[in-house]
Amino acid sequence: MGRIVILGGGVSGHTAASFCRKWTGKQHEVVVITPNSKWNWIPSNIWVGVGRMTTEQVTFELAPIYKKQGIGYIQAKAVSLNPEGNDQGGKPFVTYEFTSPDKAGQIGTLEYDYLINATGPKLNFEATEGLGPDHGHSVSVCTPQHAVHASEELSKVIEKMKAGQRQKILIGTGHSASTCQGAAFEYIFNVEHELRVAGVREMADLTWISNEYYLGDFGIAGLHLRKGGYVTSSKIFAESLFAERGVRWILRAGVYKLEPGKVHYETLDGEKLTEDFDFAMLIPSFSGVGLKAFAKDGSDITDTIFAPNGFLKVDGDYTKKPFEEWKASDWPKTYQNPIYKNLFAVGIAFAPPHAISKPMQSKNGTVISPAPPRTGMPSAMIGKAVARTVTNMLNGKIDQPSGGHSMAEMGAACVASTGAGILSGSAVAMTVFPIVPDYQKYPGVGRSLNYTFGEVGLAGHWIKHILHYLFLYKAKFKPGWFFIPE
Amino acid sequence: MTHQDGEQITPYEPSSGTAIPTNHTVRMRTNFFYQVFRFIVINIKMIIIIWRSH
């Protein structure tokens, strides 16, 4: 009997677990170790953050779902890996600390034949002084609980506006190297929409603050699409929306400190500036969850298998090189660790070889540019691809992963909400192919103009709304779940 | 803040250099029948991307 252990039960981990279970026989065991008791459809958190949805609508309990499906479930956070076992022999194992209320703090270990690291990121609020809802002065929509808090704070701001007080709303990235600009983009336009619905839009000054070099970069070096007889940059596309909705923008800004009502940021010119706010939702930087790794003799090998940012090294080319020498082939294809062949990483947990957007540095040496996003559709597709590899290896069908699942070879469909409402809502529906630009295969813009498009409209909102229910249906293993694509 | 044709275009302002949608374009974004058509078109495009990526 073999055992596949998956660390993390988010979008990529849950997808990997579900397909590992489907593709392995009952003689093999699939176990998920995740600190959360609930699964969260993260893309809908922005609607929780404006009061359009409740946490119950975007989450469900994992334990009964995994029990029904025959997937082992341990509510715990992984602490360390021993990919060689220990000096008493045995198989590789993972050490974890229970987070369930009945066993909180207790330590356990579990041996594995294959391990898929899908821990997602640590929300690194500590990297920016004064950032975050717990110990800082900003709100967040990164978790359902954060989003509920954001909604409550937004309601207070709206009440003040109704009472005649003008309010400054600041939304964007809270660190010079943050990623997930898309979530902040969705949130600022959902807030703008809600202010219009509440009849207080004229009382609000909305400002976007971001580490992007230009609007519409999104950490993927922007995109180009055909529009009105032109090949148009996402810069024009995004600026158009910001100008139309009356949202001011601050770009090339590395936020480094928040005080009550004031954000401090550095620009690429090296200037240190401030911006006042009454309500701020700023996305933190992401890092690995702090997993340690030990060799058979107990020596610390964390730096060998994890990148400095805490994400697991896989089969990417991590050689340091300038932007001009980056290639699509640098990106991993199999997500297999080069040293330990039974160790894989999916979703945000794998270390990208480099950014996608051109790195920019301020005169003071601060890197102010977005980290590469690895969420949503690619995250789930990579989870499924690795599940296929691992189950084939476990079943003895292959010795080595076949590859072919590079982010430079796959596309992504993305729907970014710009306001909720069955007849009044809108969203940006877009596709990119490939996600990581390949300037050799697609000279010029780096992507296929036949498969890259984007438009704003009510239809996009309908699609995002349908996807919400569709992916919850799939994640709950309802009949035919595996027919629904990632 | 309702958009009006040309309202936000002030020469030499940062936003003047970008494309501002006309009232017609903005209206069509929430026109039910046009959006039903776009819904079909967008779904087809997304299915192609999904098919190419799997």
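Computed from Cα atoms alone, the Kirkwood hydrodynamic radius reported for the stretch A:290-445 is 17.6 Å. Take the Cα of residue A:87, go 7 Å toward its beta carbon, and the backbone nitrogen atoms of the stretch A:285-314 under 13 Å from that spot belong to A:295-300. Amide H to amide H distances under 5 Å link residue A:232 with A:225, A:226, A:227, where only residues 5 or more positions off or on other chains count and H is placed in the peptide plane. Counting only residues at least eight positions apart within a chain, or on another chain, the lysines with an alpha carbon under 18 Å from that of residue A:22 are A:67, A:68, A:384, A:397, A:474, A:476, A:478.
The residues packed around residue A:260, meaning those with a beta-carbon under 11 Å from its beta-carbon, carry a net charge of -2 if Lys and Arg are +1 and Asp and Glu are -1.
Applied to the stretch A:161-169, the Karplus parametrisation 6.51 cos²θ - 1.76 cosθ + 1.60 on θ = phi - 60° returns per-residue 3J(HN,Hα) values of 5, 5, 7, x, 8, 6, 10, 9, 10 Hz, with x for Gly and Pro.
Put in line by how crowded their Cβ is, counting other Cβ atoms within 10 Å and starting with the fewest, A:201, A:226 read A:226, A:201. Distance between the C-alpha centres of the stretch A:20-44 and the stretch A:347-363: 29 Å, rounded to the whole angstrom.
Taking amide H positions as modeled 1.01 Å from N, with prolines and chain starts lacking one, the residues under 5 Å from residue A:30 and 5 or more places away or on another chain are A:4, A:72. Annotation: peptides A:86-94, A:73-81, A:462-470, ranked by per-residue average of other Cβ atoms within 10 Å with the highest first, follow the order A:73-81, A:462-470, A:86-94.
In this rough spin-label picture, where each label sits 7 Å from Cα along the Cβ direction, the residue A:54-residue A:102 distance is 2.6 nm.
Taking a point 7 angstrom from the Cα of residue A:276 along the C-beta vector, which residues in the stretch A:166-181 have backbone N less than 16 Å away? So the set is A:166-170. The Rg/Rh ratio for the stretch B:14-53 is 1.19, where Rg is the radius of gyration of the alpha carbons and Rh is the Kirkwood radius. With θ taken as phi - 60° and the coefficients 6.51, -1.76 and 1.60, list the Karplus ³J(HN,Hα) couplings across the stretch A:239-244 in order, rounded to whole Hz; mark glycine and proline as x. Per-residue couplings from phi come out as 4, 4, 5, 5, 5, 4 Hz. Inter-label distance, residue B:54 to residue A:197: 3.3 nm, where each label sits 7 Å from its Cα along the C-beta direction. The string of couplings for the stretch A:298-311 from the Karplus curve (6.51, -1.76, 1.60, θ = phi - 60°) is x, 6, 7, 10, 4, 5, 7, 9, 10, 6, x, 7, x, 8 Hz, one whole number per residue in order, with x for Gly and Pro.
Between residue A:262 and residue A:230, the simple spin-label model (points 7 angstrom out along Cα→Cβ) gives 4.1 nm.
For the peptide B:22-29, the mean number of other protein chain Cβ atoms found within 10 angstrom of a residue's Cβ is 3. By the rule of a C-alpha distance below 28 Å, with chain neighbours fewer than 8 residues away ignored, the lysines paired with residue A:156 are A:168, A:257, A:262, A:464. With neighbours defined as other Cβ atoms within 10 Å of a residue's Cβ, the residues A:452, B:25 order from fewest to most as B:25, A:452. Between residue A:295 and residue A:38, how high is the FRET efficiency from 1/(1 + (r/R0)^6) when r is the Cβ-Cβ distance and R₀ = 45 Å? Nearest 0.05. The pair residue A:295/residue A:38 has a calculated efficiency of 0.80.
May I ask for the distance between the Cα centers of the stretch A:161-186 and the stretch A:229-295, given as a whole number of Å? Answer, in whole Å: 9.
Taking Cβ atoms as reference points and 14 Å as the exclusive limit, the residues near residue A:381 contribute a net charge of +4, counting Lys and Arg as +1 and Asp and Glu as -1. Cβ crowding within 10 Å ranks A:176, A:287 as A:287, A:176, fewest other Cβ atoms first. Partner aspartates and glutamates whose Cα lies under 19 Å from the Cα of residue A:320, excluding those fewer than 8 positions away in the same chain, are identified as A:303, A:330, A:438.
Computed across the stretch A:225-311, the Kirkwood radius stands at 17.5 Å (inverse of mean 1/r, all Cα pairs). Set the Cα radius of gyration of chain A against 2.2 N^0.38 Å, with N its number of residues, and you get 0.96. Close amide H partners of residue A:293, meaning residues 5 or more places away or on another chain with modelled amide H under 5 Å apart, are A:81, A:301, A:302.
DSSP bridge analysis restricted to chain A gives an antiparallel fraction near 55%, rounded to the nearest 5. Neighbouring Cβ atoms from other chains, within 10 Å of the Cβ of residues in A:445-455, number 2 on average.
Among the residues of A:456-467, the average count of other protein chain beta-carbon atoms within 10 Å of the residue beta-carbon is 5. Electrostatic tally near residue A:114: other residues with Cβ closer than 14 Å to its Cβ, Lys and Arg +1, Asp and Glu -1, net +2.
Where a number appears in this text, it was derived from the coordinates with a stated rule and is not lab data. Owing to the predicted nature of the structure, the values given are computational and were not obtained by experimental measurement. Virtual Cβ from ideal backbone geometry, glycine too; neighbours counted across all protein chains shown.
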